[in-house]
Amino acid sequence: MLADFNFRIIFEYLPLFLTGLRSTFFISAVSIFLALIAGTIACACRISSFKMLKYPAIAYIEVIRSTPLLVQIYFLYFGLPTLGIRVPEIQTGIIALMLNSGAYIAEIIRAGITSVDDGQIEAGVASGLNYFQRMRFIILPQALGATVPPLLGQSIVLVKDSALLSLISVMELTRVGQTMTSERFMPTEAFLTVAFFYMCIYFCLKALADWSQRKLIYREAY
Amino acid sequence: MMAFYFSRLVEIFPFFLKGLWMTTQIAFISLFTCTLLGFVLGILRSGKNRILKWIIGVYVSFVRGTPFVVQIFIVFFILPEWGIQLKAFPAALLAMAIMGSAFICEIVAGGINAISKGQWEAGTASGLSLIQQLRLVIIPQAMKVILPPLVGQYVLLIKDTSVVSVIGVMELTRVGWVTVVRIPEGLMVFSLVGALYFVISYPLILLSNYLERRMAI
């Protein structure tokens, strides 16, 4: 089975793998950053009492959450050109990842905010703090701690989701595996190496998420 | 031109329904096998056997740490190298079973671990066998913790069936991909595909939200 596992070919392709890894890093980092912005905006709209903002935000979040990412990627990849917008595949991919993760992040932030007990907000009102002061001094400090672990969880999901960009021929880690398979027909070496690199990223992010879970989640002493 | 393509799309709509049927089949079979396997693995993972726990742990980490596309490629391209030749459809089902059962295993193990030790002890004291303890005492209580994330996982699994289109299974996403070559209206074609997915998964999302509220203690 693995007796004839060919390490030489992996070393031969190592530079390409590293390029792919760097590309995956870049795509994931840019997408998670943009998704945080999109998610914060979507969440702010979602919890506002202004209907013109609230309902579009609900529609955005629910549509994204109930359709597959791959369909969203294809929607943009095949759809943008029909609107006359021509952007490179990598940008299409980043937009898709941003929109997708943005919806999930909006829900994560909302869960963090609603996890703060109503009594604390009332205490803030009673102390004469205005809306922004309550957000600044009471809600956000607690909500942020509660959102960091799930946000890191979402970034793990996003790194794995970025593999789907290989299907619109973005040269990232999975695509390198595909290239190697088609050039040399060594799928075992190619995809196990790809899996290995993803596992490395996963364990780093997982360790960070577990650490933040221990440090940041507010627990009542008992 | 839009109107022309739209009428073409209406013409081939039955093709989409076929894809939807395929997606439903894959989803249904995978949800069933994943739940079954996931519960068995989850119970073993929350058990006492160290070696078994470690093996399942490695398996779960591998599945959670790699993208589903890569897993499909491993099943579809590497198994033949080892002498196991699978057609696209069974390969897709196998990949789904491997992926889904690992996630469900974690949910089930988490639910069982949430039950206090006293319940097990009370079961032993009442003279129940291990299977009886699980079936009559532990699982019914753990279900409260398991059910909301389980339904949420079902939604994710249904959406992940779209990825098996990469090995050529003619399900909904693949149908869209094939159609867009002939009807070059990406927005229209994939809106339709998305709408059909929405029809299956949105009710489950609502169910998951409902269960979450209902089961909250």
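Annotation for region B:106-116: no member residue is of a type in the set (Ser, Thr, Tyr) and modelled with pLDDT of 90 or more. If I filter region A:170-182 for residues that are free of Cβ contacts under 8 Å to residues at least 24 places away in the same chain, within 19 Å of the chain's Cα centre (by Cα) and over 20 Å from A:ILE27 (Cα atoms), do I get at least one hit? Within region A:170-182 (the criterion being free of Cβ contacts under 8 Å to residues at least 24 places away in the same chain, within 19 Å of the chain's Cα centre (by Cα) and over 20 Å from A:ILE27 (Cα atoms)), the answer is no, since none of the residues qualifies. Looking only at residues in region A:68-118 that are among the charged types (D, E, K, R) and in contact (Cβ under 8 Å) with a residue 40 or more places away in the chain, the one that is farthest from A:PHE132 (Cα to Cα) is A:GLU89.
Considering (1) over 21 Å from the mean Cα position of the chain (by Cα); (2) within 12 Å of chain B (Cβ to nearest Cβ); (3) in a helix (DSSP H, G or I), the lone condition that A:LEU70 does not fulfil carries the number (1). Can A:ALA29 be described as out of contact with any helix residue (DSSP H, G or I) (no Cβ under 6 Å at 6 or more places or on another chain), more than 14 Å from every other protein chain (Cβ to nearest Cβ) and modelled with pLDDT of 95 or more? Here the answer is yes, as A:ALA29 does meet what is asked. If you go through region B:41-61 and pick out every residue that is in contact (Cβ under 8 Å) with a residue 12 or more places away in the chain and assigned to a helix (DSSP H, G or I), you end up with 9. Do we have B:LEU130 as in contact with a Phe, Trp or Tyr (Cβ under 8 Å, 6 or more places away or on another chain), surrounded by fewer than 22 Cβ atoms within 10 Å (Cβ to Cβ), of a type in the set (A, V, I, L, M, F, W, C) and away from chain A (no Cβ under 11 Å) here? No, not satisfied. Scan region B:158-217 for residues that are surrounded by fewer than 22 Cβ atoms within 10 Å (Cβ to Cβ) and among the acidic types (Asp, Glu) and the total you get is 2. Just give me the residues in region A:101-135 being of a type in the set (A, V, I, L, M) and part of a helix (DSSP H, G or I), in sequence order. Within region A:101-135, A:ALA103, A:ILE105, A:ALA106, A:ILE108, A:ILE109, A:ALA111, A:ILE113, A:ILE121, A:ALA123, A:VAL125, A:ALA126, A:MET135 qualify. Across region B:62-86, the number of residues qualifying as in contact with a Ser or Thr (Cβ under 9 Å, 6 or more places away or on another chain), surrounded by fewer than 19 Cβ atoms within 10 Å (Cβ to Cβ) and outside any helix (DSSP H, G or I) comes to 1.
The values are calculated or read from the model by the stated rules, or taken from the named source; none is laboratory data. For clarity, every value in this text was computed on a predicted model and none was experimentally measured. Every residue, glycine as well, gets a Cβ built from its backbone with ideal geometry; the counts of neighbours run over all protein chains shown.
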